[in-house]
1. So, R0 is 35 Å and r is the distance between the beta-carbons of D134 and Q95; what FRET efficiency does that work out to, to 0.05?
2. Based solely on C-alpha atoms, express the radius of gyration and the Dmax of the stretch 61-131 in angstrom.
3. Pulled fully out, how much extra length does the chain show between I78 and L225, if you take 0.36 nm times their separation in residues and subtract their Cα-Cα distance?
4. Normalising by the residue count of the stretch 1-156, find the relative contact order in percent from Cα pairs under 8 Å and 6+ residues apart.
5. Any chance you could list the semi-axes, whole Å, largest first, of the equivalent ellipsoid that the Cα gyration tensor gives for the stretch 314-432, using √(5λ)?
6. Whole-Hz ³J(HN,Hα) for each residue in the stretch 151-167, computed from phi via Karplus 6.51 cos²θ - 1.76 cosθ + 1.60 with θ = phi - 60°, x for glycine and proline: what do you get?
7. Taking Rh as the Kirkwood radius computed over C-alpha pairs, what is the Stokes-Einstein D of the stretch 312-354 at 37 °C in a medium of viscosity 0.692 mPa s, expressed in µm² per second?
8. Check every DSSP H run in the chain and write down those whose alpha carbon atoms cover 20 angstrom or more along the long axis and whose mean Kyte-Doolittle hydropathy is 0.0 or greater.
Amino acid sequence: MNKWPKSLELLKENEVFIPGGVVSLNRKSSPNICFSRGSGSRAWDVEGNEYIDYQAGFAAAFLGHNDPDVNAAVRQSIDDETVLMGAGPTELEGQLARLFCKCVPTVEKVQLTTTGSEATYHAIRIARAATGRDHIIIMQGGYNGWHNDVAGNVISSLADVGERVSPGEYPFDALSAGIPDNHQSLIHVINYNDLDSVLYIVKRYPVACILLEPLLQNIGIVKPLEGYLQGLRALADEHGFLLVFDEVKTGFRHALGGYQSICGVTPDLSTFGKAVANGYPMGVIGGKQQYMDYFIDPDKSRRVLIAGTFNAHPLTTAAAIATLQKLASPTHDVYNRVEQLGQMLEAGLKDVFGQYDRPFHVARQGSAFCVYFMDHAPVDFHDIVAHHDFTFDKAYRLGLIEEGIFNFPLPIKQGSISFAHSVQDIEVTIEKTRAVVRALFQQS
């Protein structure tokens, strides 16, 4: 029996005019649940069911849904009748740029986009312009956007990409039709934490850049091995390609200076999104001035185009300014609070699963977490495919949703604590998790 009939009805109505019924197919999941509103750590579906939310718009709502300070800034922008003319600079974009570079001191200049995908698109263009090379390296299991250079190998089957190879590369497993074969030949897919394969590629192809999440969060929480990111920096310097960190997920969720401030490695370019405006639609590309200035290079043959009618839209820019101000505020102490909540949830999950004779690993970085049903911390995509119990993971997530704890119902997807979560939220989550896991083991 379908427990979400109104959600199903809405999906069918939408499908009349929207292919698939959803405007981003990444949102389509089973069970199909339509969420109507959110406040703080909670979300409600059209049936009226309430959930403690750990999806947070794919980790975007770091301060919580409809944060009052962010919403107040947006309302003020409306009340001020702020306008985006499509001519000349704006005060808000300059204010945000200055604040952003103060928050992320490894970034010298920025440009604003409307999505993270646009930001990674621009980063690759700059890398190609700066190096005069066309080939790029991306990670097996990573997600860096929807465009041709990166739309592949997100969560592939071994039938499509094959068993582990190192050093070496994997076939491009396209997420989309319409990517020309000759374009795919420019994209080289390797596993995260594999420096040998980076060297293998750069010795064979003229590589413009390597683009990766510095902490691989598309497939949960996969952390860099000691020396890995430092090794990428050294290889980029030695072989003349750009190191690009995709911090669309990690930026501002883990530290005010991005994950690069935690790992101590400065990339040439970085991309940000999601949490930068607490879920309002914004992407940012930033980095070293020598590369960012390719947007204004006097030589037309070297100049990289950036354009967008809604870049730095006043409402989203106001939201981003308010978000960064709150994240930087000692009064709110956001990062210490979410770290404490993360520690509490991690300890609770370890206690729950430690009662049973089944391998597990709780991976966590600050407010982001993932439970793997394997006996060690994963190092890459193939490690997860070989050792993680995907069937149990799916049942576990569905059981939590039934109990009003929402994680995205797809195995190995990250959960996200927000600043709006309370100690009571974490306690309830652990209690519900205990009941769900007990029921699953009774069934097995």
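The values are calculated or read from the model by the stated rules, or taken from the named source; none is laboratory data. In this text, all values refer to a predicted model and were calculated from it rather than measured experimentally. Ideal geometry is used to build each Cβ from the backbone, glycine not excepted, and the neighbour counts take in all protein chains shown. Remember, those area values only see protein heavy atoms, side chains included, never the ligands or the DNA or RNA. Shrake-Rupley method; radii C 1.70, N 1.55, O 1.52, S 1.80 Å.
1. Between D134 and Q95 the formula returns 0.40.
2. In order Rg, Dmax, the Cα atoms of the stretch 61-131 give 15.3, 46 Å.
3. Gain in length upon complete extension: 48.3 nm.
4. The normalised contact order for the stretch 1-156 reaches 10 percent.
5. 29, 17, 14
6. 7, x, 6, 7, 9, 8, 8, 5, 4, 8, 10, x, 6, 4, 10, 7, x
7. The Stokes-Einstein estimate is 262 µm²/s.
8. For the chain, where a helix must reach 20 Å along its axis and average at least 0.0, the hits are 314-328, 423-443.
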